[in-house]
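Participant: Take a look at this one; I'll ask things after.
The values are calculated or read from the model by the stated rules, or taken from the named source; none is laboratory data. This one's a predicted model, so the numbers in the text were calculated from it and none came from an experiment. As a convention, Cβ positions derive from the backbone with ideal geometry for all residues, glycine included, and neighbour counts pool all protein chains shown.
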Amino acid sequence: MFSDNKPTISFELFPPKTEEGHQKLLATIDKLCELKPNFFSCTYGAGGGSREKTLDIVELIQKKHRVPAVAHLTCVLHTKDEIKTILQEMKKRGIHYVLALRGDPPKDNPGWTPGADNFKYSCELVAFIRQYFGDFFGIGVAGFPEGHVLAPSRDLDAQYLKSKIDAGADYVITQLFFNNQDYFDYVKRLRKLEILSRVIPGILPITDYSGLVRFCSLCGASIPREVHDIFKPIQNNPQKTLEAGIAFAIKQCQELLKNGAPGLHFYTLNKLHPMDVILKEVRI
């Protein structure tokens, strides 16, 4: 995925819950591939409810479109033996890329806690993959420019990231953010710890202000005053929101690339638009 050392473009997808949604996603993937991404990633729900769909999507992208694809893998609700079985299935399908995540307990089981036969941290998952599968998998991990919501401090959060890299992770994809300085400061913290891996910024184009506020309240990402000032007054105007979201994303991406970001990872929400417009401008 990173063979030429140039900035990468990548798209994150999620498995739809219905067959109609699945067919729409396949058509969207066809269009997204025309934008020539370096790779895709695909999520799955806690406990693996959509795991087979995730692997199907990743396998299709690789075989039909000849584009690398990353399968998300979380620790939550899985025993170590189950994790091993999942990884063996990925290997059987020729899936070489994993995003190793701790994951959050599902809504229907919020009190779940790991036991002796579960992984507690994603660094343990990374080490497990390396122990049993060597270099077969390229392993990505999550990074948090503002610090993970459960981390006592940003410096300690950077130490947690280092534990993932030391365990065998190859690169980092960050949680979404809207203040680029948070990303630049994060990379500086990691470099001080001699972490030289790629840290790819995660970008969410803003298309729904109220939805954004709800989502960020759950994931811990902050919303700068600038974003509120731009989008709150137009939140009931979908077209103006879309246009402002495109402009904001273009500006954010251009600044990131200008200052050395090694790529852009877009949370597409399974949509082609506005990715097509944003990338056209960013690539210019």
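Participant: Check off (1) surrounded by 15 or more Cβ atoms within 10 Å (Cβ to Cβ); (2) among the polar types (S, T, N, Q); (3) more than 20 Å from residue 135 (Cα to Cα) for residue 18 and give me the number that stays unchecked.
Facilitator: Result: residue 18 fails condition (1) only.
Participant: Please go through the stretch 53-64 and give me each residue that is out of contact with any Asp or Glu (no Cβ under 8 Å at 6 or more places or on another chain) and not basic (Lys, Arg), ordered by number. Quick ask: steps written out before the conclusion?
Facilitator: First pass over the stretch 53-64, keeping only residues out of contact with any Asp or Glu (no Cβ under 8 Å at 6 or more places or on another chain): 53-54, 56-64.
Hits for the stretch 53-64 are 54, 56, 57, 58, 59, 60, 61, 62.
Participant: Only residues that are surrounded by 13 or more Cβ atoms within 10 Å (Cβ to Cβ) and of a type in the set (A, V, I, L, M): list them for the stretch 21-31, please.
Facilitator: 25, 26, 29
Participant: In the stretch 228-274, which residue that is assigned to a loop (DSSP other than H, G, I, E, B) and more than 22 Å from the chain's Cα centre (by Cα) is surrounded by the fewest Cβ atoms within 10 Å (Cβ to Cβ)?
Facilitator: First, the residues of the stretch 228-274 that are assigned to a loop (DSSP other than H, G, I, E, B): 235-237, 259-262, 268-274.
In the following step, the residues that additionally are more than 22 Å from the chain's Cα centre (by Cα) were identified as 235-237.
Working: 235: 16, 236: 9, 237: 12.
Checked the stretch 228-274; the qualifying residue surrounded by the fewest Cβ atoms within 10 Å (Cβ to Cβ) is 236.
Participant: Separate question: For residue 95, indicate whether it is surrounded by 15 or more Cβ atoms within 10 Å (Cβ to Cβ), farther than 30 Å from residue 259 by Cβ, out of contact with any strand residue (DSSP E or B) (no Cβ under 7 Å at 6 or more places or on another chain) and among the hydrophobic types (A, V, I, L, M, F, W, C). First the steps, then the outcome.
Facilitator: Details: surrounded by 15 or more Cβ atoms within 10 Å (Cβ to Cβ): yes; farther than 30 Å from residue 259 by Cβ: yes; out of contact with any strand residue (DSSP E or B) (no Cβ under 7 Å at 6 or more places or on another chain): no; among the hydrophobic types (A, V, I, L, M, F, W, C): yes.
It is false that residue 95 is surrounded by 15 or more Cβ atoms within 10 Å (Cβ to Cβ), farther than 30 Å from residue 259 by Cβ, out of contact with any strand residue (DSSP E or B) (no Cβ under 7 Å at 6 or more places or on another chain) and among the hydrophobic types (A, V, I, L, M, F, W, C).
Participant: Suppose the filter is outside any loop (DSSP other than H, G, I, E, B) and either of a type in the set (Asp, Glu) or farther than 22 Å from residue 70 by Cβ (or both); does residue 223 pass it?
Facilitator: Values: outside any loop (DSSP other than H, G, I, E, B): no; either of a type in the set (Asp, Glu) or farther than 22 Å from residue 70 by Cβ (or both): yes.
Here the answer is no, as residue 223 does not meet what is asked.
Participant: Among the numbered conditions (1) touching an Asp or Glu at 6+ places or on another chain (Cβ under 7 Å); (2) closer than 26 Å to residue 189 by Cα; (3) of a type outside the set (S, T, N, Q), tell me where residue 93 comes up short.
Facilitator: Only one criterion in (1) touching an Asp or Glu at 6+ places or on another chain (Cβ under 7 Å); (2) closer than 26 Å to residue 189 by Cα; (3) of a type outside the set (S, T, N, Q) is unmet by residue 93, namely (2).
Participant: If you check every pair at least six apart or on different chains, which have Cβ atoms under 6 Å apart with a residue in the stretch 222-233 that is at negative phi first and a residue that is modelled with pLDDT of 95 or more and of a type in the set (A, V, I, L, M) second?
Facilitator: Every condition considered, the pairs that remain are 230/244.
Participant: If a residue must be touching a strand residue (DSSP E or B) at 6+ places or on another chain (Cβ under 7 Å), under 21 Å from residue 265 (Cα atoms) and either surrounded by fewer than 15 Cβ atoms within 10 Å (Cβ to Cβ) or of a type in the set (Val, Ile, Thr) (or both), how many such residues does the stretch 56-87 contain?
Facilitator: Residues meeting the conditions: 6.
Participant: Filter the stretch 60-117 down to the residues that are assigned to a loop (DSSP other than H, G, I, E, B) and modelled with pLDDT of 95 or more and list them by number.
Facilitator: Result: 66, 67, 68, 93, 94, 95, 96.
Participant: Still on this structure, please answer the following. For the subset of the stretch 275-284 comprising residues that are surrounded by fewer than 19 Cβ atoms within 10 Å (Cβ to Cβ) and in contact with a helix residue (DSSP H, G or I) (Cβ under 7 Å, 6 or more places away or on another chain), which member is nearest to residue 219 (Cα to Cα)?
Facilitator: Initial filter on the stretch 275-284 (surrounded by fewer than 19 Cβ atoms within 10 Å (Cβ to Cβ)): 276-277, 280-281, 283-284.
Retained after the next criterion (residues that are in contact with a helix residue (DSSP H, G or I) (Cβ under 7 Å, 6 or more places away or on another chain)): 277, 281.
Working: 277: 27, 281: 29 Å.
Only one residue tops the list, namely 277.
Participant: If a residue must be out of contact with any Ser or Thr (no Cβ under 9 Å at 6 or more places or on another chain) and within 18 Å of residue 54 (Cα to Cα), how many such residues does the stretch 84-135 contain?
Facilitator: 15
Participant: Which members of the stretch 1-29 meet the condition of being in a helix (DSSP H, G or I) and over 20 Å from residue 71 (Cβ atoms)? Even if it seems obvious, please write down each step before you answer.
Facilitator: First pass over the stretch 1-29, keeping only residues in a helix (DSSP H, G or I): 19-29.
Listed by number, the residues that qualify are 19, 20, 23, 24, 27.
Participant: If you don't mind, another one. Please indicate, with yes or no, whether at least one residue in the stretch 192-203 is in contact with a helix residue (DSSP H, G or I) (Cβ under 6 Å, 6 or more places away or on another chain), surrounded by fewer than 18 Cβ atoms within 10 Å (Cβ to Cβ) and among the hydrophobic types (A, V, I, L, M, F, W, C).
Facilitator: Looking through the stretch 192-203, at least one residue is in contact with a helix residue (DSSP H, G or I) (Cβ under 6 Å, 6 or more places away or on another chain), surrounded by fewer than 18 Cβ atoms within 10 Å (Cβ to Cβ) and among the hydrophobic types (A, V, I, L, M, F, W, C).
Participant: Oh, and also: Going by the structure shown, is residue 218 aliphatic (A, V, I, L, M), surrounded by fewer than 19 Cβ atoms within 10 Å (Cβ to Cβ) and modelled with pLDDT under 95? Can you show your working first?
Facilitator: Details: aliphatic (A, V, I, L, M): yes; surrounded by fewer than 19 Cβ atoms within 10 Å (Cβ to Cβ): yes; modelled with pLDDT under 95: yes.
Yes, satisfied.
Participant: Strands (runs of 3 or more DSSP E) wholly in the stretch 128-214 with at least 2 residues that are within 15 Å of residue 261 (Cβ to Cβ) and either in contact with a strand residue (DSSP E or B) (Cβ under 9 Å, 6 or more places away or on another chain) or hydrophobic (A, V, I, L, M, F, W, C) (or both) - which ones? Don't jump to the end; show me each part of the working.
Facilitator: Details: elements: 138-143, 171-176, 198-203.
It comes to 171-176, 198-203.
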